[in-house]
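The block underneath contains the structure these notes are about, expressed in structure tokens.
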């Protein structure tokens, strides 16, 4: 005689503690954007990402429109400012800071969120403002670092722009190691041309 255990319903996933912060929700939103773009950014998948009910969302945000505005601002201000401050604390070497930025971007998959934000910016002025602010902060950081190595402001800004576009590049090149490619291109970008 075989014994059958009673079925009591679906197996429950572990539930997060209710001490979520707005930042937890913003990080979850970025995770969804990184993986699936703007189409993936919906309330139910956000709650599932955090293993909470959709009702807990309203403890932190008025509505989804409010959330999207804060998500755009988070991309443009908090994250970039925190990252730049951390890079500047990490090393006094300006090229070392840029290399560390490249490593951090690759490790965090930050280029995927930047690409998703740029796509969102095509249809939402809040996202467009966020992308513009993000770019201003990053260009300034890179240009200031390059100026410390001897470039003029104009030369540094052109190279900073090149470095940002390299970081956002989605060119398929399977035979190239992207980490060493970034380092090689950085070496070229920071080489001060001989003056005649």
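Here are some notes:
- Criterion (assigned to a loop (DSSP other than H, G, I, E, B), surrounded by fewer than 20 Cβ atoms within 10 Å (Cβ to Cβ) and out of contact with any strand residue (DSSP E or B) (no Cβ under 7 Å at 6 or more places or on another chain)) met by exactly one of 19, 66: 19
- For residue 97, the conditions (1) closer than 16 Å to residue 30 by Cβ; (2) surrounded by 20 or more Cβ atoms within 10 Å (Cβ to Cβ); (3) over 14 Å from the mean Cα position of the chain (by Cα) all hold with the exception of (1).
- Selected residue (only one of 173, 154 is at pLDDT below 75 and exposed (fewer than 12 other Cβ atoms within 10 Å of the Cβ)): 173
- Hits in region 124-159 - residues which are farther than 23 Å from residue 93 by Cα and not in a helix (DSSP H, G or I): 124
- Flag if residue 88 is in the same structural domain as residue 160 (by TED's automatic domain parsing) and either touching a helix residue (DSSP H, G or I) at 6+ places or on another chain (Cβ under 8 Å) or surrounded by fewer than 18 Cβ atoms within 10 Å (Cβ to Cβ) (or both): yes
- Screening residue 52 against (1) free of Cβ contacts under 8 Å to residues at least 40 places away in the same chain; (2) assigned to a helix (DSSP H, G or I); (3) buried (at least 16 other Cβ atoms within 10 Å of the Cβ) leaves a single unmet condition, (2).
- For residue 95, the conditions (1) part of a helix (DSSP H, G or I); (2) free of Cβ contacts under 8 Å to residues at least 60 places away in the same chain are fulfilled apart from (2).
The values are calculated or read from the model by the stated rules, or taken from the named source; none is laboratory data. A quick note: this is a predicted structure, and the numbers were derived from the prediction, not measured. All Cβ positions, glycine included, derive from the backbone under ideal geometry; neighbour counts span all protein chains shown.
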